[in-house]
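Below: one structure, written as C-alpha cells.
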Amino acid sequence: MLYHWYELGHAAVRPARVAVDSCRLLLTNPFNPLSHTHIGRHAVAACEVFERTTRRYDKPEFGITETSVDGAKIAVREEVVWQRPFCRLVHFQRDLPQARSAQDPRILLLAPMSGHFATLLRGTVETLLPGHEVFITDWQDARDVPIGAGRFDLDDYIEYLMQMIRHFGGDVHVVWE
C-alpha cells in the first residue's frame, strides 16, 4: 500500500518509508524482471517488514456489549477500576444484581506486554464472561506515557501485579495469556 505524505507515520521515518514504498512499487511491477527473482521477492518482503514495524496502529475497541448469563442476554460495559501510568485494569461489568455476580469467580486476565493490544484477547474475555467477573490488564504503549512517569522494568511490572491482586483482596484467579 502506498502512502501519501500526509499519511506517513512519525516524522523521523518518513523519508525511509517513502524510499521503501518506492522500492516496493518498483519491485512489484510485473513488467520489472527483478520482480520475478528471489532477490526481488526478498526485497519486497523486507519492505513489508519495515513498513509494518514503523506503522502506528490505532488501539481497537473490545466492542463487547452483551453476554449470556443463565440463558438471558445481559448488558456489559467496560469500567476502569485501577490505573497507573503504564497500565489500566479494565472490568467487564455485567448488568447483574450484586448478589448474583458475587457468586461467580473473579478472573484477572494478564494481557501480554509484547506490543500487542489487550483487545487481541477479546475472544477469551467473551468466553469467560458468562460465568466469571472478568478483569483484564490494558498495558499502555510506552511512547504514550509521559517521561515524567519514570521508568518501567521487571520490578515495576511485578509491583503492578501485586497492587492489582491487593485491589481484589487476594480473591482473584490470575490467568496469563
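The values are calculated or read from the model by the stated rules, or taken from the named source; none is laboratory data. These figures come from a predicted structure and were not determined experimentally. Heads up, the Cβs are rebuilt from the backbone with ideal geometry, glycines too, and the neighbour counts pull from every protein chain shown. For accessibility, only protein heavy atoms count, side chains too; no ligands or nucleic acids. Shrake-Rupley method; radii C 1.70, N 1.55, O 1.52, S 1.80 Å.
Within the range 128-137, at least one residue is within 13 Å of the chain's Cα centre (by Cα) and under 23 Å from VAL172 (Cβ atoms).
Residue count for the range 149-170 under the criterion of being farther than 22 Å from ARG56 by Cβ and either of a type in the set (Gly, Ala, Ser) or at pLDDT below 90 (or both): the result is 3. Restricting attention to the range 34-82 and to residues that are in contact with a strand residue (DSSP E or B) (Cβ under 9 Å, 6 or more places away or on another chain) and small (Gly, Ala, Ser), the residue that is nearest to LEU128 (Cα to Cα) turns out to be SER68. In the range 42-67, the qualifying residues are those that are assigned to a helix (DSSP H, G or I) and in contact (Cβ under 8 Å) with a residue 12 or more places away in the chain, and the one that is surrounded by the fewest Cβ atoms within 10 Å (Cβ to Cβ) is GLU48. Within the range 96-107, does at least one residue satisfy the condition of being open to solvent by less than 50 Å² (accessible area, probe 1.4 Å), in a loop (DSSP other than H, G, I, E, B) and free of Cβ contacts under 8 Å to residues at least 60 places away in the same chain? Looking through the range 96-107, at least one residue is open to solvent by less than 50 Å² (accessible area, probe 1.4 Å), in a loop (DSSP other than H, G, I, E, B) and free of Cβ contacts under 8 Å to residues at least 60 places away in the same chain. Considering (1) of a type in the set (A, V, I, L, M, F, W, C); (2) open to solvent by 50 Å² or more (accessible area, probe 1.4 Å); (3) free of Cβ contacts under 8 Å to residues at least 60 places away in the same chain, the lone condition that LEU161 does not fulfil carries the number (2).
Identify, please: which residue in the range 68-87 is of a type in the set (A, V, I, L, M, F, W, C) and surrounded by 11 or more Cβ atoms within 10 Å (Cβ to Cβ) and is, among those, nearest to MET164 (Cα to Cα)? So, considering only residues that are of a type in the set (A, V, I, L, M, F, W, C) and surrounded by 11 or more Cβ atoms within 10 Å (Cβ to Cβ), the one nearest to MET164 (Cα to Cα) is TRP82. A search for C-beta distances below 8 Å between a residue of the range 143-154 that is more than 14 Å from MET113 (Cβ to Cβ) and any residue that is surrounded by 10 or more Cβ atoms within 10 Å (Cβ to Cβ), counting only pairs 6+ apart in sequence or on different chains, returns PRO146/PRO85; ALA149/PRO85; ALA149/PHE86; GLY150/PRO85.
ALA12 falls short on exactly one of the conditions (1) of a type in the set (A, V, I, L, M, F, W, C); (2) part of a helix (DSSP H, G or I); (3) in contact with a helix residue (DSSP H, G or I) (Cβ under 7 Å, 6 or more places away or on another chain); (4) at pLDDT below 80, and that condition is (3). When you look at THR124, is it out of contact with any helix residue (DSSP H, G or I) (no Cβ under 6 Å at 6 or more places or on another chain), open to solvent by 20 Å² or more (accessible area, probe 1.4 Å), within 30 Å of ARG52 (Cα to Cα) and part of a helix (DSSP H, G or I), yes or no? Answer is yes for this residue.
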